[in-house]
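Below: the structure, in structure tokens.
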Amino acid sequence: MDETSYPPIEPSNFDLIVVGTGLPEAILASAASAAGKSVLHLDPNPSYGSHYASLPLQEFTSYIESHSSQSSSNLTIPQSDMDSGFIRVPLTTQPLYSSVEITSYSSEPLAQSRKFNIDLSGPRVLLCADAMIDLILKSEVNQYIEFKSIDGSFISDGEGNLESVPDSRSAIFKDRKLSFTEKNQLMRFFKLVQGHLEAADGGESSESKSISEQDLESPFVEFLSKMGLSAKLKSIVLYAIAMAEYDQENADVCRSVLKTKDGIDRLSLYHSSVGRFPNAPGAMIYPIYGQGELPQAFCRRAAVKGCIYVLRMPVNSLLMDKASGSYKGVCLASEQELFCHKLILAPSLVVRSPLPHSSPDAHDFGSRNTTEKLARSICISKHSLKLDVANCLAFFPPRSLFPEQVTAIHVLQLSSNVAVCPSGMFLTYLSAICEDDVQGKKLLHTAIDVLFHVPVSGSPGNNNFVEDQSETGDAKPAVLWSVFYTQELAKFQDVRDNIIRTPMPDGSPYYHDLLVATEKIFRELYSGEEFFPKSTSSEEGAAQELED
């Protein structure tokens with residue numbers, strides 16, 4: 001777009017300017033608008049969502065490649081604007097994806113590119129009792145989104161098979177893979193947790209039903225062993241229900257030890273999610289048309305409250321006051337200068353000079369602030385991972401694939417009934433926390449080899465195996481198309497001179513941690529304001545409409 005074709009934005013002064021329309025930015029813009037702030041929301045992309053978007057197949061690959069480490073951005077030096085009294089400090093884009101590998105084994109997916117809605121942040125679902133669902137209801141964003149239930153949850157048995165997760169009383173009784181002793185162990189444990197929660201809520205339960213403070217502060221894996229759970233049951237509770245990411249039984253490699261009190265809170269959340277909505281019997285739901293519907297819905301809600309939206313609008317630099325050294329606004333690609341009291345930046349944006357009041361050798365604000373990475377992969381196939389199961393979540397616990405596996409692998413399969421792929425095809429997302437690209441590739445490629453049949457080499461004309469799969473009797477679905485990439489895990493940083501940078505999608509399949517970080521940002525910006533004032537309409541009525 002030519003600079004002369006950018007229309008001027010009026011007014012030119014705002015309480016808050018947000019750059020990027022990812023989910024955290026969308027929630028913050030909506031919350032600030034609901035609090036009565038004047039908000040301008042910008043995005044250089046032609047669509048909403050940024051790193052949380054759902055895109056057609058070809059647009060998805062273009063986005064990943066354009067934001068990979070193979071891309072480069074031109075660095076510029078700060079320039080002084082003699083007329084305005086501001087210094088224009090360059091705002092550049094840093095690569096947040098690396099090791100992008102795209103392989104096509106069939107021409108079918110690309111031929112139907114527009115029928116895909118592929119999540120950049122998958123695998124991810126919503127727990128029905130999670131705070132994100134409560135926020136969707138409270139903010140009335142639910143009127144812009146529809147959901148479908150996830151059919152089931154599975155866990156690897158370590159021998160290449162996926163077994164159902166016994167996550168409820170009825171599921172435990174129906175599970176044919178659990179022994180009678182294991183069923184009793186799991187039932188007693190869930191009953192103990194329920195008794196503790198009732199006692200904590202001030203119920204009539206006796207103190208003997210409460211778990212001691214010493215046990216609550218101990219590692220959850222130790223408490224599970226103390227309760228007599230078998231290795232198989234511990235794996236199910238830790239990785240398929242409590243969602244621990246690291247090997248909890250190996251202190252040498254575990255970077256995040258799950259405490260018993262946190263593990264019990266996660267169990268409580270999971271079980272509260274089961275059957276919360278009439279037409280969603282399980283614990284999890286997924287938005288029709290993809291996760292990208294969430295940021296778009298919050299943006300629509302913000303617009304209703306007066307937020308101004310401008311897409312395809314790059315921000316070239318920040319405006320730093322010469323006298324005070326404080327940042328006062330942004331300069332657009334159109335050369336228009338806009339001013340604000342607060343500024344929120346997407347995670348891919350970096351201020352290429354030390355911020356005011358920082359030491360001369362300070363790092364660029366917005367640069368990478370964690371050593372962990374997140375390996376992601378997506379596979380397209382014509383057959384489901386489990387017979388007669390359309391949408392499901394699966395887990396590979398640590399050491400279930402090979403002895404050196406120190407993190408869990410999350411898998412989400414979706415079908416055309418959630419409008420993310422053409423009829424007769426399936427999308428499968430995989431992710432795992434890793435230290436580097438090499439480790440990430442080993443983790444996900446090993447899991448893919450267990451779940452799928454992968455042809456030796458990719459070729460756009462190689463359709464023979466796919467068409468003959470059912471005749472060969474091979475139980476594994478064949479891969480039509482796949483992508484592998486690693487994502488940086490940029491986390492929330494403190495406010496620096498009224499500038500905040502939002503986090504990248506994390507490794508959790510849920511939204512809890514992301515929402516906590518987003519609400520923390522709002523508190524930093526507006527400590528005296530309520531995070532989404534409660535609407536006058538009934539939240540119960542909204543809940544009935546959430547799951548059709």
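The values are calculated or read from the model by the stated rules, or taken from the named source; none is laboratory data. Remember, predicted model here, so these are calculated numbers, not experimental data. We place every Cβ from the backbone using ideal geometry, glycine too, and count neighbours over all the protein chains shown. The area values use the complete protein model at the heavy-atom level, side chains included, leaving out ligands, DNA and RNA. Shrake-Rupley method; radii C 1.70, N 1.55, O 1.52, S 1.80 Å.
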> Setting aside same-chain residues fewer than 8 positions from K328, which lysines have a Cα under 16 Å from its Cα?
Replying inline: K342
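With 11 Å as the cut-off, how large is the P(r) tail for the range 225-264, expressed as percent of Cα-Cα pairs? Could the numbers behind the result be given before it?
Values: 507 of 780 pairs.
That fraction is 65 percent.
If you keep only loop residues by DSSP, which trypsin sites (Lys or Arg not before Pro) in the range 145-248 have at most 10 other Cβ atoms within 10 Å of their Cβ?
Details: sites: K148, R169, K174, R176, K177, K183, R188, K191, K209, K226, K232, K234; in loops: R176, K177.
Of the trypsin sites (Lys or Arg not before Pro), the ones in loops of the range 145-248 whose Cβ has at most 10 other Cβ atoms within 10 Å are R176.
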> Stretched out fully, how many nm does the piece from S12 to D157 gain, at 0.36 nm a residue minus the Cα gap?
Replying inline: 46.3 nm
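Using the Cα centre of the chain as the reference point, and only Cβ charges (+1 on K/R, -1 on D/E), how large is the resulting charge dipole? Debye, rounded to the nearest 20. Intermediate values should be presented prior to the final figure.
Working: 46 positive and 69 negative charges, 83 e Å.
For this selection, approximately 400 debye.
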>> Report the Cα centroid-to-centroid distance between the range 125-184 and the range 1-59 in angstrom, as an integer.
In response: 34 Å
> Among the lysines, which fall within straight-line cross-link reach of K209, defined as a Cα-Cα distance under 27 Å, with same-chain neighbours fewer than 8 residues apart omitted?
Replying inline: K183, K191, K226, K232, K234, K259, K261
>> Run the reach check for K115 against lysines, Cα to Cα strictly under 26 Å, same-chain hits fewer than 8 apart removed. What comes back?
In response: K148, K382, K386, K476
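How many percent of DSSP beta bridges within the chain run antiparallel, rounded to 5? Please report the intermediate quantities before stating the final value.
On the way: 69 of 92 bridges.
Among the beta bridges of the chain, antiparallel pairing accounts for roughly 75 percent.
In whole percent, how big is the carbon plus sulfur part of the accessible area of the chain, probe 1.4 Å, protein atoms only? Write down the numbers at each step before the final one.
Numbers: 10950 of 23090 Å².
C and S fraction of accessible area: 47 percent.
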> Given DSSP loops and a limit of at most 15 other Cβ atoms within 10 Å, what is the longest stretch of the chain that contains no such GluC sites (Glu not before Pro)?
Replying inline: 1-158
>> Restricting the calculation to Cα positions, tell me the Rg (one decimal) and the Dmax (whole number) of the range 271-329 in Å.
In response: 20.4, 61
> Once Lys and Arg get +1 and Asp and Glu get -1 on their Cβ, which of L318, G20, A283 lies farthest toward the positive end of the dipole of the chain?
Replying inline: A283
>> To test your reading of the geometry: what angle, between 0 and 90 degrees and rounded to tens, separates the Cα axis of helix 260-273 from the longest principal axis of the chain?
In response: 90 degrees
>> Nearest 500 deg cm²/dmol is fine: what mean residue ellipticity at 222 nm does the chain get from its DSSP H runs of n ≥ 4 alone, each adding -39,500 (n - 2.57), divided by its residue count?
In response: -8000 deg cm²/dmol
> Lys/Arg Cβ at +1, Asp/Glu Cβ at -1, dipole of the chain taken about the Cα centre: which of P219, F180, L126 is farthest positive-ward?
Replying inline: F180
> Over the chain, one equal point on each Cα, no solvent: what is log10 I(q)/I(0) by the Debye formula at q = 0.07, 0.09 Å⁻¹?
Replying inline: -0.43, -0.71
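Could you state the accessible area per residue of the chain in Å², with a 1.4 Å probe and every protein chain left in place?
Working: 23090 Å² over 548 residues.
Accessible surface, normalised per residue, equals 42 Å².
Over the chain, what relative contact order in percent results from Cα pairs under 8 Å that are six or more residues apart?
26 percent
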> Got a sec? Charge dipole of the chain, +1 on Cβ for Lys and Arg, -1 for Asp and Glu; which of V411, L525, C340 is way out at the positive end?
Replying inline: V411
> When only alpha-carbon atoms count, how far does the range 132-285 stretch along each of its three principal axes, as whole angstroms with the largest first?
Replying inline: 46, 44, 34
